[in-house]
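Scroll down for the structure; my scribbles are underneath it.
The values are calculated or read from the model by the stated rules, or taken from the named source; none is laboratory data. Nothing here was measured: the structure is a model prediction, and the numbers come from that model. Reconstructed Cβ throughout: ideal geometry from the backbone, glycine too, with neighbour counts over all protein chains shown. Remember, those area values only see protein heavy atoms, side chains included, never the ligands or the DNA or RNA. Shrake-Rupley method; radii C 1.70, N 1.55, O 1.52, S 1.80 Å.
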Amino acid sequence: MGTNLKSGSPVLAEALGYSDLDFLLVDRQHGSPLMEGLEEIVRAADLQDVPVVVRTPVDDTSMITYLLDNGVRGIMLPMVEDVETVREASSHMRYKDGRSLGSYSRAARFGAVPKPRYADYVNEELALLPMIETTAGLDLVDELSSMPEVTALAIGPGDLAWSLGVPYDSEAHHEALDEIFEVAASNDCPVGTFAPAVAHVEQFIDRAAYLIHSSDASITMNYFDELLDDV
């Protein structure tokens, strides 16, 4: 279970490390936080060994190596509609797929981690998460979930409903979500999804490998809205 760190706050990243959350998502697709603040967020999350996953901008894999060198432990690729995007991302991510060797980075403890051990970590433990958010992506689920480069798929349920032209939580929407889970499962590929409401957490908790529930900003706003409604 993770949440979206919309605030871009290292203080909240540190505080959430003391919660039962398993990871934090930092969303660069929609512009927050600034790149300059990412290292501080990752450093704060590292205090409690909470992995940070970054969603990159659409069709931009150029920042992936930079993010990983700073200690980010997973890359989420939005709006994936072709396998080449995934292969390109992996080439910036894993040494076995072509990433340039940089073992004096923060992620490698500034050279304190032996190169062979760090290379194994990079190749085997960093997560690459392509997102299924469009009808074109839906058509690629079988192929994407079969790729060795893919750690797990991610579902963007809101954009998927929009792309399909159906209401969120409608029968047609649920059928598309079920299809992703079923096809990926046939290829032994885990699937996670955004779960904006508690009802969505309950809907997917038994079948999703991971869930991203709401965001720090939304949860704070909703809390005070509910509190003040009762006053």
Checklist line | Distance from region 58-81 to region 91-114 (C-alpha centre basis), Å | finding: 15
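Calculate for the chain the 222 nm mean residue ellipticity that helices alone would give, adding -39,500 (n - 2.57) per DSSP H run of length 4 or more and normalising by residue count, nearest 500 deg cm²/dmol.
On the way: 11 runs with 99 residues, N = 231.
Calculated at 222 nm, the ellipticity per residue is -12000 deg cm²/dmol.
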Checklist line | Solvent-accessible area per residue, Å², over the chain with all protein chains present [probe radius 1.4 Å] | finding: 48
Margin query: Given a 1.4 angstrom probe, I'd like the percentage of the accessible area of the chain that is carbon and sulfur, rounded to a whole number.
Written below: 53
Checklist line | Contour minus Cα-Cα distance for GLU143 and ASP120 (0.36 nm per residue) | finding: 5.7 nm
Note to self: Taking R0 as 25 Å, what FRET efficiency do you get between LEU101 and ARG43 from their Cβ-Cβ distance, rounded to the nearest 0.05?
What the structure shows: 0.65
Margin query: With +1 on the Cβ of every Lys and Arg and -1 on the Cβ of every Asp and Glu, and nothing else charged, how large is the dipole of the chain about its Cα centre, in debye rounded to the nearest 20?
Written below: 1300
Next item on the list: Tell me which residues come under 5 Å, amide H to amide H, from LEU77 once H is placed; ignore anything under 5 positions away on its chain.
Entry: LEU129, MET131
Notebook entry, point to check: How high is the FRET efficiency from LEU227 to ARG207, r the C-beta distance, R0 25 Å, rounded to 0.05?
Noted result: 0.15
Check: What ranking do 48-54, 16-22 get when scored by the average of other Cβ atoms within 10 Å per residue, highest first?
Finding: 48-54, 16-22
Check: What does the charge dipole of region 120-176 about its Cα centre add up to, to the nearest 20 debye, if the Cβ of each Lys and Arg holds +1 and the Cβ of each Asp and Glu holds -1?
Finding: 160
Margin query: For Cα Rg over 2.2 N^0.38 Å, pick the label among [x] 1.02; [y] 1.16; [z] 1.10 that corresponds to the value derived from the coordinates.
Written below: [x]
Checklist line | Difference of contour (0.36 nm per residue) and Cα-Cα distance, TYR168 to VAL58 | finding: 37.4 nm
Notebook entry, point to check: Can you run phi through the Karplus equation (6.51, -1.76, 1.60; θ = phi - 60°) for region 130-136 and list ³J(HN,Hα) in whole Hz, with x for Gly and Pro?
Noted result: x, 9, 9, 9, 9, 4, 5
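What is the Cα radius of gyration of region 1-129 over 2.2 N^0.38 Å, N being its residue count?
1.01
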